[in-house]
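Visitor: What follows is a structure written as structure tokens; I'll ask about it next.
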Amino acid sequence: MPSSKKALIIGAGIAGIANAIRLAVKGYHVEVYEANGYPGGKLSQFEQEGYRFDAGPSLFTMPQYVDELFELAGKNPSDYFRYQKLDAVCRYFYEDGTRLTAYADVDKFGKEVQTQTGEPAGSVNQYLANSRRIYDITNHVFLERSLHRLKTYLRWDTFKSILKFGKIDVFRSMHKANQGFFKDRRIVQFFDRYATYNGSNPYSAPATLNVIPHLEQHFGAYFPEGGMYSIAFTLVQLAESLGVKFHYNNPVTEIILKERTVTGIKVKDEIFEADIVVSNVDVWFTYHKLLNAHPKLHPKKILSQERSSSALIFYWGIRGQFKELDLHNIFFSADYDAEFDHIWQKKNIYQDPTVYLNISSKYKPDDAPNGCENWFVMINVPANTGQDWDVLIAEARNNILNKLNRLLGKDIGGMIANESILDPGSIESRTSSYQGSLYGTSSNSQFAAFLRHANKSSKIKGLHFCGGSVHPGGGIPLCLLSAKIVSDLV
């Protein structure tokens with residue numbers, strides 16, 4: 001028999017939508033309250049003068065977690081959501097003139113590395129085998145289950161993973177481990193970059209994070225038909241077909257408690273009752289705004305942890321096309337150590353930042369006018385702690401253009417037809433991400449994975465958490481897994 005219980009979800013980010021689907025399948029009456037006028041959270045889109053942009057996440061990996069949601073609802077995923085695998089994951093440009101294509105095929109990629117840098121293809125194969133080993137040890141424990149339940153640690157596969165703890169390389173930094181695998185600094189830098197996938201510093205983050213290349217290389221990178229925003233759009237349609245109700249432009253102002261039990265939420269001075277509440281809002285704002293009346297229930301150690309890095313993004317409509325560019329492109333800094341020192345110690349932006357350039361019109365031509373391209377140009381920057389962003393943005397824009405002009409041999413500034421900018425302050429205001437951090441807390445400590453906020457409150461009955469600011473972390477796949485964990489806990 002269907003459950004008569006009611007679940008209210010705060011925030012229609014990708015994890016909130018996935019949670020709504022999972023709870024609806026379980027028989028809950030589910031309603032989602034979203035402050036913005038659209039779903040998706042950071043996974044949003046906009047148009048300007050004939051150019052369409054995916055405003056947030058641009059890399060799509062592990063699509064099986066999206067497919068799983070359709071399968072849970074008894075539907076064939078390909079009838080609703082389609083994507084194609086990329087043969088070339090990303091193109092890399094170095095200041096010394098080296099150009100490297102990261103092919104999806106491991107053998108082809110290894111040959112490319114050897115041809116372009118002299119680093120033996122066998123080194124790449126050994127590295128990726130190590131990445132897979134870390135994944136096999138950690139996946140079922142760290143990614144798919146709550147780390148905050150005794151039941152998790154009583155499982156046989158958890159015990160086997162604990163016995164292999166020494167093999168996940170937790171006591172070295174990513175950079176140190178990568179130096180151990182490769183002699184060529186360009187390939188060390190290549191694999192150091194994966195720390196930015198969860199907003200961390202490769203010179204501080206544990207080498208356990210070298211699991212990330214396996215997720216991209218083994219499972220592949222994809223482009224969804226319709227662009228990245230189609231992920232949120234189609235999942236909302238699926239949720240609505242299951243009876244989920246979405247309330248947009250309805251910011252939640254308070255989570256209502258009776259003693260230490262959730263009873264509902266307050267929206268525009270109106271109270272809505274619920275049996276369980278799931279917050280897809282950044283955990284910092286969940287406590288400091290929605291549970292502000294209950295400071296004794298705040299987990300102070302977690303809320304004071306170092307935040308992840310943020311981003312500065314320029315959305316440029318470009319008059320012209322570049323054959324040497326693909327969907328994903330990276331223009332590396334000549335001094336990676338200095339770049340991360342500026343982000344994490346100096347809290348500003350290095351003069352020669354690594355530039356990520358995404359061009360969805362390469363795969364979806366109608367995202368730009370004929371003969372043009374839509375450029376999503378991003379650099380990693382520190383979280384917002386009161387810097388003068390007007391000055392930093394102006395300097396960064398000039399440095400980015402100089403870098404792209406130099407490496408592409410064109411006057412990029414003269415080709416910009418229109419521009420929009422997203423900085424840490426606007427990321428915070430639009431997505432309620434504290435300090436504009438993209439992934440909640442950083443992973444710059446050995447046991448960061450164990451220190452993220454749990455998916456269920458230990459102090460408040462009926463309160464759950466999902467999204468990038470809690471376990472298991474940020475990015476689309478981990479946000480979808482956070483929804484799965486919450487559903488299992490419920």
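The values are calculated or read from the model by the stated rules, or taken from the named source; none is laboratory data. Just so it is clear, the structure is predicted and the values come from calculations on it, not from any experiment. No Cβ is skipped: glycine too gets one built from the backbone with ideal geometry, and neighbour counts run over all protein chains shown.
Visitor: Given the criterion farther than 25 Å from Cys479 by Cβ, without any contact (Cβ under 8 Å) to a residue 40 or more places away in the chain and in contact with a Ser or Thr (Cβ under 6 Å, 6 or more places away or on another chain), identify the matching residue among Ile271, Ile256.
Guide: Every option except Ile256 fails the conditions.
Visitor: Also, I was wondering about something else. Have a look at Lys296, Lys323, Lys258 and point out the one that is charged (D, E, K, R), surrounded by fewer than 16 Cβ atoms within 10 Å (Cβ to Cβ) and under 30 Å from Ala394 (Cα atoms).
Guide: Unique residue meeting the criteria: Lys323.
Visitor: Could you tell me which numbered condition Ile313 fails, if it satisfies all but one of (1) within 30 Å of Pro365 (Cα to Cα); (2) in contact with a helix residue (DSSP H, G or I) (Cβ under 8 Å, 6 or more places away or on another chain); (3) hydrophobic (A, V, I, L, M, F, W, C)?
Guide: (2)
Visitor: So, in the range 105-161, how many residues would count as being among the small types (Gly, Ala, Ser), assigned to a loop (DSSP other than H, G, I, E, B), buried (at least 17 other Cβ atoms within 10 Å of the Cβ) and at pLDDT 85 or above?
Guide: 0
Visitor: On the given criteria, is Arg172 among the basic types (Lys, Arg), modelled with pLDDT under 95 and over 17 Å from the mean Cα position of the chain (by Cα)? Show your work before the answer.
Guide: Working: among the basic types (Lys, Arg): yes; modelled with pLDDT under 95: yes; over 17 Å from the mean Cα position of the chain (by Cα): yes.
The answer is yes for Arg172.
Visitor: Additional query: Does the range 307-315 contain at least one residue that is free of Cβ contacts under 8 Å to residues at least 12 places away in the same chain and either of a type in the set (S, T, N, Q) or surrounded by fewer than 20 Cβ atoms within 10 Å (Cβ to Cβ) (or both)?
Guide: Keep residues of the range 307-315 that are free of Cβ contacts under 8 Å to residues at least 12 places away in the same chain, which gives none.
No: the range 307-315 contains no residue that is free of Cβ contacts under 8 Å to residues at least 12 places away in the same chain and either of a type in the set (S, T, N, Q) or surrounded by fewer than 20 Cβ atoms within 10 Å (Cβ to Cβ) (or both).
Visitor: Against the condition part of a helix (DSSP H, G or I), among the β-branched types (Val, Ile, Thr) and in the same structural domain as Lys258 (by TED's automatic domain parsing), how does Ile393 come out, does it pass? Break it down into steps so the answer makes sense when it comes.
Guide: Details: part of a helix (DSSP H, G or I): yes; among the β-branched types (Val, Ile, Thr): yes; in the same structural domain as Lys258 (by TED's automatic domain parsing): no.
Spelling it out, it is not the case that Ile393 is part of a helix (DSSP H, G or I), among the β-branched types (Val, Ile, Thr) and in the same structural domain as Lys258 (by TED's automatic domain parsing).
Visitor: Further question: What pairs come out if I take residues in the range 75-98 that are surrounded by 13 or more Cβ atoms within 10 Å (Cβ to Cβ) and assigned to a loop (DSSP other than H, G, I, E, B) and pair them with residues that are at pLDDT 95 or above and among the β-branched types (Val, Ile, Thr) whose C-beta lies under 9 Å away, six or more apart or interchain?
Guide: What qualifies is Tyr80/Thr234; Phe81/Val66; Phe81/Ile231; Phe81/Thr234; Thr98/Thr117.
Visitor: How many residues are part of a helix (DSSP H, G or I), in contact with a Gly (Cβ under 8 Å, 6 or more places away or on another chain) and either over 20 Å from Ser432 (Cα atoms) or in the same structural domain as Arg319 (by TED's automatic domain parsing) (or both) if we restrict to the range 15-68?
Guide: The qualifying residues number 1.
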